[in-house]
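These notes concern the structure reproduced below.
Every read-out reported here was derived from the displayed coordinates using simple, explicitly stated rules and does not represent laboratory data. Note that the coordinates shown come from a computational prediction; the quantities given were computed from them, not determined experimentally. Quick reminder, even Gly has a Cβ in these numbers, built from the backbone with ideal geometry, and neighbours come from all protein chains shown.
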């Protein structure tokens with residue numbers, strides 16, 4: 001039976017059903033609202049739990065069995081260990097050995113270390129993944145090898161999907177750097193310390209069964225309890241749950257590339273010229289090398305002006321911690337911690353606070369911190385002439401990044417994408433992006449090494465920077481310049497099969513990814 | 001019959017470059033095998049280019065393998081032509097279109113604070129060089145190019161001169177030492193190069209040989225634009241001959257010093273304090289000034305040490321140099337900042353230029369400031385300092401209209 005497609009509000013063709021479920025096409029920013037009540041997991045009774053509070057079971061397999069693992073279930077994990085996670089692969093290895101089929105993996109993100117999951121996708125243990133797919137998994141899915149259709153959501157969209165009941169987590173497996181037998185857990189200490197566990201918060205609250213896995217079991221109480229034991233069913237102790245040096249990933253160092261540093265410096269100069277960098281402002285910069293450099297340049301400007309920021313949001317690391325400790329920032333509101341300096345600071349400094357997708361990103365929250373941020377710096381693989389941007393696929397169609405908090409951060413007051421005008425020969429400004437992840441109406445500025453384009457909607461920014469010595473061009477001029485250097489790109493042909501859906505923050509589908517033809 | 005030629009670079013770390021293997025055959029038609037990182041977007045364009053070049057050289061039977069790592073057209077074309085040259089003496093060159101915006105000229109005494117070295121066989125580093133706004137870029141055919149890559153580099157540099165926009169930077173090429181450097185000129189001079197750096201220069205004859213060759217090539221190709229020469233003094237003999245070299249040709253716009261080779265020649269280790277090169281540096285400045293041209297200092301090779309660089313530039317400025325070489329784009333900003341005039345220098349220069357304007361307006365032959373007479377060279381230097389201050393963003397370009405600072 002042929003799938004019917006409908007056109008959504010950004011002009012993309014969306015199938016009516018994905019993985020057998022009816023899909024709501026994107027209707028515009030803030031246009032779609034669900035009604036009713038939040039999803040709720042089954043009601044537990046403390047009478048069913050050990051009186052002494054000891055929820056330890058002998059191993060992960062036993063815990064999964066006790067949790068009732070069976071065909072077709074949805075299993076969630078978090079990505080605070082990034083490329084050093086040792087737990088997710090084990091879950092599906094156990095499931096495969098038990099002959100379980102058609103699971104849905106619902107990670108908050110996947111990494112290249114999860115390549116072994118390909119085997120479990122092949123043998124039918126896993127039906128599909130609802131979460132980011134990159135590296136080998138992205139390639140596998142892009143070529144149409146996954147049985148079901150992938151669903152990519154933002155961090156906030158993940159919380160929304162759980163609260164809507166769009167995704168029902170049967171079993172959440174929460175890898176915890178430190179935990180007690182009751183299930184209280186945090187990311188602050190232990191060999192696998194990762195700072196916080198915010199991405200596992202929704203999972204702990206809404207999953208039917210919650211398993212905490214740790215390699216640093218301490219006697220009750222584990223303080224602070226970032227994950228509350230009162231949500232937890234089983235606790236498992238293991239020799240090792242993560243590889244510390246890979247938890248601290250390589251993307252968290254300031255770039256040494258002169259071209260990227262140049263773009264970073266230009267971005268900071270733009271913010272300065274636009275009057276954004278002022279006493280009490282706030283910013284969020286991502287984990288990429290360029291973003292880190294921008295934070296550093298912000299610091300230089302703040303020192304020069306003798307001002308400080310009220311708060312910085314985002315992944316924390318040495319650079320941000322230095323700024324906090326130098327008094328350039330009052331608070332770090334941290335969503336994920338990228339290095340040991342960040343972990344230490346969060347453990348010791350009361351002004352370094354952990355946040356979660358609930359505080360910052362959730363569509364069903366009564367407001368979000370993300371919207372309070374003055375300026376956010378984000379990446380993109382492509383931007384089109386309407387400022388729509390892509391962050392998940394390459395121009396050749398391969399999935400290569402997750403959405404992360406990217407869509408959620410678009411709600412900040414000023415959104416800047418500092419990107420090179422072309423990568424190798426691939427121009428970044430396109431007539432149309434391969435995959436729309438964010439609508440252009442939320443994207444304000446594109447900073448490239450060859451000029452800055454401001455969204456015509458932002459007349460205020462255009463006016464403020466008119467008399468600066470910055471090279472302000474139109475997005476069309478940037479595209480022309482890129483094509484002059486690289487040549488006009490040819491049209492890429494994709495297969496008919498939809499291999500992944502890109503959800504918007506409200507649960508509607510903003511675009512789909514099609515199969516790559518090799 | 002089968003003849004093979006290769007060019008370019010390959011490997012996972014290679015970016016914005018390609019590897020080409022050309023196999024000339026006597027029958028069987030053309031076969032083009034393309035593997036490209038960007039084939040989703042540029043497959044047809046790369047194949048069309050390959051056919052265009054094969055047509056140009058009238059090649060009907062050949063196998064051409066291209067392993068592309070995101071090379072731009074100017075690189076692909078240079079690599080394909082190089083691989084063909086290995087098999088065929090065509091006596092012809094395949095020229096891509098010359099960008100209209102690359103056909104600018106520069107002034108003999110233009111500001112030359114920074115000049116960024118770009119290895120001639122590494123196209124990746126050329127793409128964004130102009131973005132960093134050095135006063136000049138140097139496409140290098142000499143030390144940064146391995147001896148067996150010289151032919152390839154010539155074509156990359158030639159194509160870069162035609163197709164890479166350096167956004168107003170003075171377009172310089174460092175040729176090889178004479179005599180090989182004279183051959184390089186054939187591939188450089190017809191393509192709107194602004195300045196030729198002549199390495200390890202030891203005599204006026206060498207400069208004059210370059211001068212004559214430039215003049216010949218320009219007239220043979222029916223072109224007429226200024227091409228300057230910057231000899232680089234890199235030996236004890238060169239230092240001794242520096243004035244003869246500096247004054248050997250109208251084309252000589254600046255005299256540079258290269259300290260790595262000079263200290264090797266001297267037999268003294270190069271130190272951070274630089275006492276061993278003090279004489280040579282002063283001699284080069286003196287010779288340049290005596291010949292009425294600019295003096296340009298060597299490079300600072302520790303790209304991570306910005307404070308060290310700043311110290312060296314300030315010393316360089318104090319010795320009388322007008323500029324320095326850079327081996328990394330990050331050095332440009334520090335060099336520009338350090339060469340920029342001080343507040344006191346600007347104030348004095350402004351007074352002198354205003355006094356000159358006033359004298360000219362009144363028809364006076366003599367310019368004076370207070371009770372002191374000002375000589376024409378002083379006025380000229382003050383004007384240059386103002387130009388530099390404007391270029392460094394220290395004063396607006398309409399400063400004259402803004403009137404005098406009441407504090408003065």
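Quick look at the values:
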| read-out | value |
| --- | --- |
| Nearest-ten-degree value, helix A:155-164 long axis tilted from longest Cα axis of chain A | 50 degrees |
| For B:37-46, mean number of other protein chain Cβ atoms within 10 Å | 6 |
| Radius of gyration, Dmax [the protein assembly as shown; alpha carbons; angstrom] | 32.2, 107 |
| Rg/Rg_ref, the range A:87-219, where Rg_ref = 2.2 N^0.38 Å and atoms are Cα | 1.07 |
| Share antiparallel - DSSP beta bridges, the protein assembly as shown, percent rounded to 5 | 35 percent |
| Mean-position separation - Cα centroids, the range A:73-112 and the range A:381-445, in angstrom | 28 Å |
| Number of partner chain Cβ atoms within 10 Å, mean per residue of A:473-486 | 1 |
| By average C-beta atoms within 10 angstrom, highest first, the peptides A:235-244, A:122-131 | A:122-131, A:235-244 |
| Over chain A, relative contact order from alpha-carbon pairs under 8 Å, at least 6 apart, % | 16 percent |
| Percentage of interatomic Cα-Cα distances in the range B:208-269 larger than 16 Å | 53 percent |
| Rg and Dmax [Cα atoms of chain B; Å; Rg one decimal, Dmax integer] | 24.2, 88 |
| The range B:347-408 and the range B:172-229: distance between their alpha carbon centers, rounded to Å | 37 Å |
| Where Rh is the Kirkwood radius over Cα pairs, Rg/Rh for the range B:44-199 | 0.97 |
| Share, in percent, of DSSP beta bridges within chain A that are antiparallel, nearest 5 | 35 percent |
| Compactness of the range A:350-474 as Cα Rg over 2.2 N^0.38 Å, two decimals | 1.12 |
| Helical contribution to [θ] at 222 nm, DSSP H n ≥ 4, -39,500 (n - 2.57), averaged over the protein assembly as shown, rounded to 500 | -9000 deg cm²/dmol |
| Share antiparallel - DSSP beta bridges, the range B:15-66, percent rounded to 5 | 50 percent |
| Chain B: most fluctuating residue of B:250, B:276, B:358 per GNM, C-alpha cutoff 10 Å | B:358 |
| Normalised alpha carbon radius of gyration of the range B:70-129 [divisor 2.2 N^0.38 Å] | 1.47 |
| Helix axis angle, B:150-163 relative to chain B longest principal axis, alpha carbon, degrees | 70 degrees |
| Chain A - Rg and Dmax from Cα coordinates, angstrom | 22.6, 72 |
| Whole-Å distance, taken between Cα centres, linking the range B:283-337 and the range B:96-112 | 23 Å |
| 10 Å Cβ neighbours from other chains, averaged over peptide A:391-400 | 1 |
| Cα-based equivalent ellipsoid of the range B:290-396: semi-axis lengths in Å, sorted from largest, via gyration tensor | 33, 14, 10 |
| Helix A:475-486 vs. chain A, principal-axis angle (Cα, 0 to 90°, nearest 10) | 90 degrees |
| Percentage, to the nearest whole number, of Cα pairs in the range B:256-312 over 14 Å apart | 58 percent |
